[in-house]
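For reference, the structure discussed in these notes is given below.
The values are calculated or read from the model by the stated rules, or taken from the named source; none is laboratory data. All values reported here derive from a predicted model rather than from experimental measurement. Backbone-built Cβ (ideal geometry, glycine too); neighbour counts: all protein chains shown. The accessibility values were calculated without ligands, DNA or RNA, using every heavy atom of the protein model including side chains. Shrake-Rupley method; radii C 1.70, N 1.55, O 1.52, S 1.80 Å.
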Amino acid sequence: VQLQASGGGLVQAGGSLRLSCAASRNILTFSAMGWYRQAPGKQRESVAVITASGITNYADSVKGRFTVSRDNAKNTVSLQMNSPKPEDTAIYYCAARTPGAVSYNYWGQGTLVTVSS
């Protein structure tokens, strides 16, 4: 399984950016897909998760600003980033978890998001 993340780049604080993650297989075979990020010198953290049934969950730091969605027909999961802040600067990774797995089995290569003040 391959996960290809894209859409990263430089964005001004208060702007918007949309990340996409394309999977090489039917995303309905995954129990959940998520976005993680890792900022320089910090541990990787969960940003947003969407389950196969469409239930979403967000880190407190991005609630109300970021929205995760899925397009089952295109096998893609997106992260809409509105009103980003400089502290959102990080490498963003998409991940997928198969049913029964306790952690994410598959990871994309990451896409860099830089938010300027």
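With a 1.4 Å probe and all protein chains in place, put Arg25, Arg65 in order of accessible area, largest first. Intermediate results must be reported in sequence, preceding the final value.
Working: Arg25 80, Arg65 30 Å².
Sorted descending by solvent-accessible area, the residues read Arg25, Arg65.
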Around Thr56 (Cβ within 11 Å, Cβ-to-Cβ, excluding Thr56; K/R +1, D/E -1) the net charge comes to +2
Mean projected area in nm² (Cα convex hull; one quarter of hull surface) for the chain:
6.7
Nearby lysines by direct alpha-carbon distance to Lys42 (threshold 22 angstrom, same-chain neighbours under 8 apart not counted):
Lys63, Lys85
Which value, in debye to the nearest 20, gives the size of the charge dipole of segment 11-81 about its Cα centre, when Lys and Arg are +1 and Asp and Glu are -1 at the Cβ?
100
Ordered by residue, what ³J(HN,Hα) values in Hz, to whole numbers, does segment 69-75 give under the Karplus form 6.51 cos²θ - 1.76 cosθ + 1.60, where θ = phi - 60° and Gly and Pro are x?
8, 9, 10, 5, 5, 9, 6
Quote to one decimal, in nm, the extra length available between Val102 and Gln38 on full extension: 0.36 nm per residue of separation minus the C-alpha distance between them.
21.0 nm
How charged is the neighbourhood of Ile27? Take every other residue with its Cβ under 14 Å from the Cβ of Ile27, and add Lys/Arg as +1 and Asp/Glu as -1.
+3
Round to a whole angstrom and tell me the spacing of the C-alpha centers of segment 80-117 and segment 20-40.
9
Can you tally the net charge around Thr114? Count Lys and Arg as +1, Asp and Glu as -1, for every other residue whose Cβ sits under 13 Å from the Cβ of Thr114.
0
